[in-house]
1. To check my understanding: the extent here is largest minus smallest coordinate of the Cα atoms along each principal axis. What are those three numbers for the range 194-334, in Å, largest first?
2. Calculate the radius of gyration of the Cα atoms of the range 5-82 to one decimal place, then report Dmax, the largest Cα-Cα distance, as a whole number, both in Å.
3. Which trypsin sites (Lys or Arg not before Pro) does the range 1-107 hold that lie in a coil by DSSP with at most 10 other beta carbons within 10 Å?
4. List the trypsin sites (Lys or Arg not before Pro) within the range 194-271 that DSSP assigns to loop and that have no more than 14 neighbouring Cβ atoms inside 10 Å.
5. Which value, to two decimals, describes the C-alpha radius of gyration of the range 129-183 once divided by 2.2 N^0.38 Å?
6. Dipole of the range 128-225, Cα-centred, from +1 at each Lys and Arg C-beta and -1 at each Asp and Glu C-beta, to the nearest 20 debye?
7. Taking only Cα atoms of the chain, what ratio of Rg to Rh do you get with Rh as the Kirkwood inverse-distance radius?
8. If you wrap a convex hull around the alpha carbons of the range 58-201, what volume per residue comes out, as a whole number of Å³?
Amino acid sequence: MGFDQSLIVGHVDEELLCPICADVLEEPLQSSGCEHAFCRFCIETWMNEKHICPVDRSDLLPVHLVTVPRFMRNMLGRLKIKCCFSENGCSALMPLEQYRRHVENCQSNPKVEVLCTKGCGMKVPKDEMFRHNCVLELRLQLQHQLSALSQLQQMQSRQEQRLVQQRRELEMLQHYIATLRATNPVIRTVGDQLDRYWLMRWGRSLPLASVRTWGSLISTPDSTMVQTVREGLRASGCPMRLMGMLLDCSYEESWPDGLSTLEMRRMNQHRLAQFVTRLLPIGITGRPCVILLGGDNAHMPDNLRPALGIVIIFINGVDETHAELSPAPLSEADYP
Ligand SMILES: [Zn+2]
Ligand SMILES: [Zn+2]
Ligand SMILES: [Zn+2]
Ligand SMILES: [Zn+2]
């Protein structure tokens with residue numbers, strides 16, 4: 001590279017010229033053998049092809065390149081250089097080390113980028129500003145964005161198609177598993193264990209609830225209520241396949257014996273407070289709706305303990321409990 005000799009103010013010692021570019025040394029390096037000095041860029045480019053000194057053809061390997069002595073660096077440091085855009089009006093005079101950065105940002109540099117004053121927000125090289133057309137540039141930008149958008153839309157539609165296909169495959173697989181479970185007792189046992197596991201995994205993500213008045217439960221919810229509970233289950237990430245099972249268990253006739261009639265509930269009233277219950281998001285269900293999971297209630301007697309889980313909707317009287325009663329980690333029995 002080198003600094004243009006004609007821009008240097010005053011005399012330049014011949015020692016300070018690069019034998020390759022014939023300009024003033026820039027980031028000089030010298031051969032430790034013959035002591036010839038070159039610009040870093042010039043000698044590195046040269047050594048991509050040859051491993052001899054370009055002046056005297058002595059051996060020159062990358063390890064032979066060292067910094068030039070201090071007196072040479074001092075001599076270079078004392079030189080002053082003019083800006084190459086002095087004809088465009090720049091009068092700056094500076095040490096060599098400031099030259100490159102100055103030229104890049106010099107306001108007389110026709111290639112320096114300036115902000116368009118007509119408000120399009122683009123930066124344009126100064127010498128191209130006269131033919132810069134905001135509308136044209138913005139239209140080009142818009143075209144780029146539209147084509148990017150259309151690519152994204154195509155990608156999205158492909159992914160949606162794939163999703164539909166995968167959902168179809170999943171349904172077939174679930175159907176297949178259901179058939180297997182119905183016919184094979186071993187698979188049925190494994191399937192039941194899996195259900196229990198997935199149900200508890202989801203259940204533990206729900207906040208605990210405390211029921212103040214068990215008397216306010218709705219024993220036979222209407223279909224609208226069941227529909228909003230379905231939304232609540234979906235919103236809280238309930239495994240899809242277990243949702244139907246939980247919804248079927250939102251009527252008293254599907255509850256464990258000890259809960260299935262008003263009389264039984266009255267008889268077991270003293271035990272009801274021992275249930276571990278979890279709350280579905282009230283914002284979605286509109287009224288308090290708790291989930292009673294078998295895995296949470298292993299401590300309850302058989303006639304009160306649900307096999308997998310049941311849903312109970314209340315008129316009121318349910319609070320979210322913030323004190324997590326540190327549920328036992330998913331036990332062996334929860335795993336398939
Ligand atoms: Zn050079
Ligand atoms: Zn040499
Ligand atoms: Zn300048
Ligand atoms: Zn513009």
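Readers should treat all values here as calculations from the given coordinates under stated rules, not as data from a laboratory. From a predicted model like this one, the values you see are computed outputs, not experimental measurements. Here Cβ is always computed from backbone atoms with ideal geometry, including for glycine, and neighbour counts include all displayed protein chains.
1. 36, 32, 28
2. Rg then Dmax for the range 5-82, in Å: 12.5, 37.
3. Those that pass, being in a loop and sparsely packed, are Lys50, Arg57.
4. On the way: sites: Arg196, Arg201, Arg204, Arg212, Arg230, Arg234, Arg241, Arg265, Arg266, Arg271; in loops: Arg204, Arg212.
Filter output for the range 194-271: Arg212.
5. 2.36
6. Rounded to the nearest 20 debye, it is 240 debye.
7. With Rh from the inverse mean 1/r over Cα pairs, Rg/Rh is 1.41.
8. 408
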